[in-house]
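S.K.: The structure that follows is given in the form of C-alpha cells.
The values are calculated or read from the model by the stated rules, or taken from the named source; none is laboratory data. Source: prediction; values computed, not measured. A quick note on method: Cβ atoms are made from the backbone with ideal geometry, for glycine too, and the neighbour counts reach across all protein chains shown.
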Amino acid sequence: MYFFHTPIIWQQFSQLVPGIMTVDGIHPKAEVDHLIQPLYQQARARLSQSSEGQMPEVSAWRRVYSQMGLKPTQYRSAAEALLRRFRKEDDLPSLHPLVDFCNAVSVAFALPVAVIDVAQVASFIEVRPAVGTEKYLAFNGEIETPPAGEIIFADATDEVHARRWTFRQSRRSAVSPETSQVLIVSEAMHETGPADMNALMETLIAGLTEMYEPPRKQTILSPEAPRFEFETE
C-alpha cells in the first residue's frame, strides 16, 4: 500500500511539508490522559497569546483554501476547527485513545493530524484533484460526490477518505474499536513547517510508543521523495 501526493499538488503547493507514519497494535484501552494534558496546556498557552486565526500554521492553511477557491472561514482546516472548539470549551470530546491523542497533538501544534484505518483503504491513498465521480461517506451516513477539482484523499476504488484536503475525514476510514493498524498524516504549509513537522513527529512517536508500540515506519515526504510505501497487516 502507498500514500502519495500527485505532482500537481507539489507544483501548486511547493511549501507543503507532509509527515506520515504507520502504527500497528491499535486498541481502544490505551491510557492517554497523562499524554493529552501537557498538549492541552501547550495549546492553552498559544491561545492565550493569539487567536487560532492568527497562528502562522492556521494562516497558511487559510491561504491554501483561498488558493483552492474556497472561503477559508467557511471551510476550515481540521486543526483550525479543533482549536476553535478547544478555545470555546477548554476540552475536546473523547472518541478513542488514539484519536484523542492525535487531536491533542493537533491543537498543540496547530496542524491537522489525520488518522486513517488502513483496513478500510483500497491499495493506496492519493492526494489529488477530484474527477467528479468519486464517492465520500459523510459522518451522517450520506454519500457525497466531491466536485471536479476539489482536493481529496482517494483510493483505488475512488472512495474519498478526506474532502477539501484537510477539512473533513470520511466515516469509512475513521478509527473504530476494531481498528488495529493506522496511517497518520500531518501536513504543514507555513514557513517553519519543516522544523515544526519534525517536532510534531517526535511528539507523536513518543506518545504512540508509550500507548502501543513504536511506529512501524515514518518519514517526511518531499517533491523528490513523494511516495510512502508500507505493509498492511
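S.K.: So which pairs qualify, if the first residue must be in segment 213-233 and assigned to a loop (DSSP other than H, G, I, E, B), the second must be surrounded by 12 or more Cβ atoms within 10 Å (Cβ to Cβ) and acidic (D, E), the Cβ gap must be under 8 Å, and the two must be at least 6 apart or on different chains?
M.R.: E213/D24; R216/D24; E233/D24
S.K.: List the pairs whose first member sits in segment 48-60 and is of a type in the set (S, T, N, Q), whose second member is assigned to a loop (DSSP other than H, G, I, E, B), and whose Cβ atoms are under 8 Å apart, counting only residues at least 6 apart or on separate chains?
M.R.: Close Cβ pairs (under 8 Å, with a partner that is assigned to a loop (DSSP other than H, G, I, E, B)) amount to S59/H190.
S.K.: Output the number of residues of segment 173-188 satisfying the condition of being surrounded by 18 or more Cβ atoms within 10 Å (Cβ to Cβ) and not in a strand (DSSP E or B). Can you show your working first?
M.R.: Narrowing segment 173-188 to residues surrounded by 18 or more Cβ atoms within 10 Å (Cβ to Cβ): 173-175, 179, 181-188.
This time we only want the ones that are not in a strand (DSSP E or B), so: 173-175, 179, 181.
Residues that pass the stated criteria total 5.
S.K.: Among (1) more than 22 Å from I143 (Cβ to Cβ); (2) of a type outside the set (G, A, S); (3) touching a residue at least 24 places away in the same chain (Cβ under 8 Å); (4) outside any strand (DSSP E or B), there is one condition E202 misses while meeting the rest; what is its number?
M.R.: E202 satisfies all of (1) more than 22 Å from I143 (Cβ to Cβ); (2) of a type outside the set (G, A, S); (3) touching a residue at least 24 places away in the same chain (Cβ under 8 Å); (4) outside any strand (DSSP E or B) except (3).
S.K.: Another question about this same structure. Restricting to segment 80-119, count the residues that are within 16 Å of the chain's Cα centre (by Cα) and farther than 18 Å from P38 by Cβ.
M.R.: Looking only at that region, the number is 10.
S.K.: Taking segment 141-168 as the search range and keeping residues that are surrounded by fewer than 23 Cβ atoms within 10 Å (Cβ to Cβ) and of a type in the set (S, T, N, Q), which one is farthest from P72 (Cα to Cα)?
M.R.: Residue satisfying both the conditions and the ranking: T157.
S.K.: Moving on to the next point. Suppose the filter is among the hydroxyl-bearing types (S, T, Y), touching a helix residue (DSSP H, G or I) at 6+ places or on another chain (Cβ under 9 Å) and at negative phi; does T6 pass it?
M.R.: Judged against the criteria, T6 is not a match.
S.K.: Residues that are buried (at least 21 other Cβ atoms within 10 Å of the Cβ) and at pLDDT 95 or above: which helices (runs of 4 or more DSSP H) entirely in segment 1-115 hold 2 or more of them?
M.R.: In segment 1-115, 33-49, 56-67, 78-89, 97-109 are the helices (runs of 4 or more DSSP H) which contain 2 or more residues that are buried (at least 21 other Cβ atoms within 10 Å of the Cβ) and at pLDDT 95 or above.
S.K.: Residues T192, T209, T203: which one is modelled with pLDDT of 95 or more, on the phi < 0 side of the Ramachandran plot, of a type in the set (V, I, T) and out of contact with any helix residue (DSSP H, G or I) (no Cβ under 8 Å at 6 or more places or on another chain)?
M.R.: Unique residue meeting the criteria: T209.
S.K.: Within segment 151-164, is there a residue that is at pLDDT 95 or above, in contact with a Leu (Cβ under 9 Å, 6 or more places away or on another chain) and small (G, A, S)?
M.R.: no
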